[in-house]
Amino acid sequence: MTRLLEAYRAAHPKSLALWERAARTIPGGVTHDIRHLRPFPVYVERAQGALKWDVDGHEYVDYWMGHGALILGHCYPSVVSAIQAQAARGTHLGACHELEVRWAEWVAQLMPSAELVRFTMSGTEATHLAIRLARAHTGRTRVVKLHGHFHGWHDGVVGGVNPPFEVPLSAGVPGATLDQVLLCPPNDIKAAAGCLERGDVAAVILEPAGGQAGTTPAIPGYLQELRALTARENVVLIFDEVITGFRYAPGGAQAYFGVTPDLTTLAKIVAGGLPGGAVAGRREIMTLMAHRGDPAWDRSERVAHAGTFNANPLSAAAGIATLEAVADGSVQVRASKLAEELRRDLADVMKRVGAPGAVFGESSIYHVSFEGRPGLGGFDQPRRQDLYHLLRCALLLNGVDCSMFHGWVSSVHTQEHLARTVRGYEKALEAMAAEGCFRGM
């Protein structure tokens with residue numbers, strides 16, 4: 001074990017004990033793949049604003065921000081008040097309620113594509129439903145998905161997430177299901193056109209700002225060309241705005257880039273940090289879910305959609321409070337400005353320390369990559385997972401927490417938080433360099 005990992009283990013005895021307990025009852029000891037960390041994850045006790053504290057008493061500047069859901073930071077006062085007020089009135093009413101109507105109205109007001117809105121409980125559920133709607137609308141079965149783009153964990157989207165792209169993200173998915181997905185390199189309109197020429201494609205689904213939170217950014221003009229191509233071929237264009245929705249702009253990446261899809265999938269910010277997602281889009285497609293009172297339609301032609309916690313009133317309350325707070329765009333402007341400054345300062349740190357790679361990103365997201373910037377088609381080789389695990393441990397030892405490859409900046413991060421973050425990265429990268437982690441790169 002390296003000195004860095006020895007220090008990490010010594011600094012987090014309570015987290016280690018909790019992980020050992022968790023491993024006895026939870027597969028792998030974690031409840032989300034992205035929280036897997038070698039040698040073990042930290043366990044967080046509470047959070048406030050841009051900070052959080054683990055069970056061993058360590059304070060961190062947080063760039064997980066609820067996996068990107070908390071653009072307003074932890075425990076934003078109006079969101080907390082809305083949740084508390086609704087919890088006192090009921091957590092599951094088993095009925096329609098006014099909050100779901102107000103929530104849908106807010107989404108429709110802000111998101112250009114949202115003629116109608118249907119709520120789900122997660123981004124994975126949202127992309128699953130959007131693809132089903134596209135297939136029902138077109139009568140076709142195949143879906144075009146771009147290399148390196150992530151749309152959740154359901155069977156229909158696990159192909160082509162990480163290199164090698166021919167190997168799906170998960171075991172247990174039938175080949176017949178994978179065959180319904182046509183994998184396509186990003187930023188290549190000719191390749192997309194070739195897929196659509198087949199005549200059996202129902203939809204093209206993509207992260208509009210680029211795969212995996214913008215790791216491989218969309219090049220200028222690509223979204224516009226893809227919009228024109230799909231419209232010409234009568235193929236449903238789906239923007240997965242689970243990450244970009246309400247972050248890039250109040251109207252998401254579609255407003256930011258000026259391209260309106262047929263369907264949009266949402267989660268994270270839309271539910272204000274509580275579980276929730278949505279599909280929004282064109283009326284003629286969305287109404288495929290509506291009952292008509294026609295027995296044949298309602299039984300066999302309608303797109304079915306259920307879910308015990310769809311539009312849960314707690315999530316609706318948090319979502320409304322959040323969308324009210326981000327609607328004028330000032331939150332996004334502040335978070336993006338802070339992120340731009342942080343990206344610049346972290347790039348300087350990497351040069352100073354002699355760490356390989358690059359820092360890049362857009363809007364209020366930053367990426368730290370030891371492999372440098374990806375090409376137009378994204379990374380074509382697996383990334384050095386061992387280095388990113390070490391970086392996370394080193395950052396945690398120096399008061400910073402973020403996900404493996406990127407971080408989300410909130411509107412409540414401050415200059416002081418950024419300064420602490422830059423110092424934390426510098427110390428973390430220096431510790432890695434001292435152990436020879438970058439030798440030969």
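The values are calculated or read from the model by the stated rules, or taken from the named source; none is laboratory data. Since we're looking at a predicted model, the values are computed, not measured. So basically every Cβ, Gly included, is an ideal-geometry build from the backbone, and we count neighbours across all protein chains shown.
Take the residues in region 404-441 that are outside any loop (DSSP other than H, G, I, E, B) and in contact with a His (Cβ under 9 Å, 6 or more places away or on another chain); name whichever of them is farthest from Glu59 (Cα to Cα).
Residues of region 404-441 outside any loop (DSSP other than H, G, I, E, B): 406-408, 415-434.
With the extra rule that they be in contact with a His (Cβ under 9 Å, 6 or more places away or on another chain), the set shrinks to 406-408, 421.
Working: His406: 20, Gly407: 17, Trp408: 18, Thr421: 12 Å.
So the residue we want is His406.
Among residues belonging to region 199-254 that are among the polar types (S, T, N, Q) and surrounded by fewer than 24 Cβ atoms within 10 Å (Cβ to Cβ), point out the one that is nearest to Pro185 (Cα to Cα). Give the derivation first.
Here is the first cut: in region 199-254, the residues among the polar types (S, T, N, Q) are 212, 215-216, 224, 230, 234, 244, 254.
Okay, now just the ones that are also surrounded by fewer than 24 Cβ atoms within 10 Å (Cβ to Cβ), so 212, 224, 230, 234.
Working: Gln212: 14, Gln224: 17, Thr230: 16, Asn234: 21 Å.
Ranking the qualifying residues of region 199-254, first place goes to Gln212.
I'd like to know if region 291-311 contains one or more residues that are crowded, with 22+ Cβ neighbours inside 10 Å and either at positive phi or assigned by TED's automatic domain parsing to the domain that holds Leu133 (or both). Spell out how you get there, then give the answer.
Looking only at region 291-311, we keep the residues that are crowded, with 22+ Cβ neighbours inside 10 Å, and these are 311.
Restricting the remaining residues to those that are either at positive phi or assigned by TED's automatic domain parsing to the domain that holds Leu133 (or both) gives 311.
Yes, region 291-311 contains a residue that is crowded, with 22+ Cβ neighbours inside 10 Å and either at positive phi or assigned by TED's automatic domain parsing to the domain that holds Leu133 (or both).
So, in region 168-193, of the ones that are assigned to a helix (DSSP H, G or I) and either in the same structural domain as Gly375 (by TED's automatic domain parsing) or out of contact with any strand residue (DSSP E or B) (no Cβ under 8 Å at 6 or more places or on another chain) (or both), which residue ends up nearest to Tyr222 (Cα to Cα)?
Applying the first criterion (assigned to a helix (DSSP H, G or I)) to region 168-193 yields 175-178, 189-193.
Checking the rest, the ones that are also either in the same structural domain as Gly375 (by TED's automatic domain parsing) or out of contact with any strand residue (DSSP E or B) (no Cβ under 8 Å at 6 or more places or on another chain) (or both) come to 175-178, 189-190, 193.
Working: Gly175: 30, Ala176: 30, Thr177: 28, Leu178: 26, Ile189: 7, Lys190: 11, Ala193: 12 Å.
Within region 168-193, the match that is nearest to Tyr222 (Cα to Cα) is Ile189.
Picking from Gly319, Gly361, which residue would you name as being in contact with a strand residue (DSSP E or B) (Cβ under 7 Å, 6 or more places away or on another chain), touching a residue at least 60 places away in the same chain (Cβ under 8 Å) and of a type in the set (Gly, Ala, Ser)?
Numbers: Gly319 fails: in contact with a strand residue (DSSP E or B) (Cβ under 7 Å, 6 or more places away or on another chain).
Checking each option against the conditions leaves just Gly361.
Would you pick out the residues in region 328-360 that are part of a helix (DSSP H, G or I), under 29 Å from Gly251 (Cβ atoms) and aliphatic (A, V, I, L, M)?
Going through region 328-360, the residues part of a helix (DSSP H, G or I) turn out to be 330-353.
Next cut, under 29 Å from Gly251 (Cβ atoms) only: 330-344, 346.
The answer is Val331, Val333, Ala335, Leu338, Ala339, Leu342, Leu346.
Just to be sure I understand, how many residues within region 373-403 are part of a strand (DSSP E or B) and closer than 25 Å to Arg9 by Cα?
So the answer is 2.
Does any residue of region 113-131 turn out to be farther than 25 Å from Ile320 by Cβ and not assigned by TED's automatic domain parsing to the domain that holds Thr244? Talk me through it step by step, then tell me what you get.
Our first condition is that a residue be farther than 25 Å from Ile320 by Cβ; within region 113-131, this holds for 131.
Filter again for not assigned by TED's automatic domain parsing to the domain that holds Thr244, leaving none.
No, region 113-131 has no match at all.
When you check Thr120 against the structure, is it crowded, with 24+ Cβ neighbours inside 10 Å and under 17 Å from Ala69 (Cα atoms), yes or no?
yes
What are the pairs, 6+ residues apart or on separate chains, where a residue within region 36-48 that is in a loop (DSSP other than H, G, I, E, B) has its Cβ under 6 Å from a residue that is of a type in the set (Gly, Ala, Ser)?
Pairs that qualify, where the first residue is in a loop (DSSP other than H, G, I, E, B) and the partner is of a type in the set (Gly, Ala, Ser), are Val42/Ser15; Tyr43/Ser15.
Which condition number in (1) within 18 Å of the chain's Cα centre (by Cα); (2) in the same structural domain as Ala280 (by TED's automatic domain parsing) is the one that Arg35 fails?
(2)
Look through region 272-290, keep the residues that are buried (at least 24 other Cβ atoms within 10 Å of the Cβ) and out of contact with any strand residue (DSSP E or B) (no Cβ under 7 Å at 6 or more places or on another chain), and return whichever of them is farthest from Ala316 (Cα to Cα). Quick ask: steps written out before the conclusion?
Taking region 272-290 first, the residues buried (at least 24 other Cβ atoms within 10 Å of the Cβ) are 272-273, 276-281.
Checking which are out of contact with any strand residue (DSSP E or B) (no Cβ under 7 Å at 6 or more places or on another chain) leaves us with 272-273.
Working: Gly272: 8, Gly273: 11 Å.
Among residues in region 272-290 that are buried (at least 24 other Cβ atoms within 10 Å of the Cβ) and out of contact with any strand residue (DSSP E or B) (no Cβ under 7 Å at 6 or more places or on another chain), the one farthest from Ala316 (Cα to Cα) is Gly273.
With respect to the numbered conditions (1) touching a residue at least 40 places away in the same chain (Cβ under 8 Å); (2) surrounded by fewer than 15 Cβ atoms within 10 Å (Cβ to Cβ); (3) part of a helix (DSSP H, G or I), which one is the sole condition not fulfilled by Ala325?
In the conditions (1) touching a residue at least 40 places away in the same chain (Cβ under 8 Å); (2) surrounded by fewer than 15 Cβ atoms within 10 Å (Cβ to Cβ); (3) part of a helix (DSSP H, G or I), Ala325 misses (2) alone.
Would a scan of region 92-108 turn up a residue that is modelled with pLDDT of 95 or more and farther than 19 Å from Asn310 by Cβ?
Of region 92-108, the ones modelled with pLDDT of 95 or more are 92-108.
With the extra rule that they be farther than 19 Å from Asn310 by Cβ, the set shrinks to none.
The answer is no, given that none of the residues of region 92-108 is modelled with pLDDT of 95 or more and farther than 19 Å from Asn310 by Cβ.
Which residue, of Met404, Met350, Met432, Met441, is aliphatic (A, V, I, L, M) and in contact with a Pro (Cβ under 7 Å, 6 or more places away or on another chain)? I'd like the intermediate steps shown before the answer.
Working: Met404 fails: in contact with a Pro (Cβ under 7 Å, 6 or more places away or on another chain); Met350 fails: in contact with a Pro (Cβ under 7 Å, 6 or more places away or on another chain); Met432 fails: in contact with a Pro (Cβ under 7 Å, 6 or more places away or on another chain).
The match here is Met441.
Could you tell me how many of the residues in region 96-140 are of a type in the set (Ser, Thr, Tyr) and over 18 Å from Val303 (Cα atoms)? Full working, then the answer.
First, the residues of region 96-140 that are of a type in the set (Ser, Thr, Tyr): 113, 120, 122, 124, 127, 138.
Retained after the next criterion (residues that are over 18 Å from Val303 (Cα atoms)): 113, 122.
Count: 2.
Given the options Val368, Val400, Val409, Val359, name the one that is more than 24 Å from Asp54 (Cβ to Cβ) and outside the structural domain of Cys184 (by TED's automatic domain parsing). Don't jump to the end; show me each part of the working.
Details: Val368 fails: more than 24 Å from Asp54 (Cβ to Cβ); Val400 fails: more than 24 Å from Asp54 (Cβ to Cβ); Val409 fails: more than 24 Å from Asp54 (Cβ to Cβ).
One residue alone meets the criteria, Val359.
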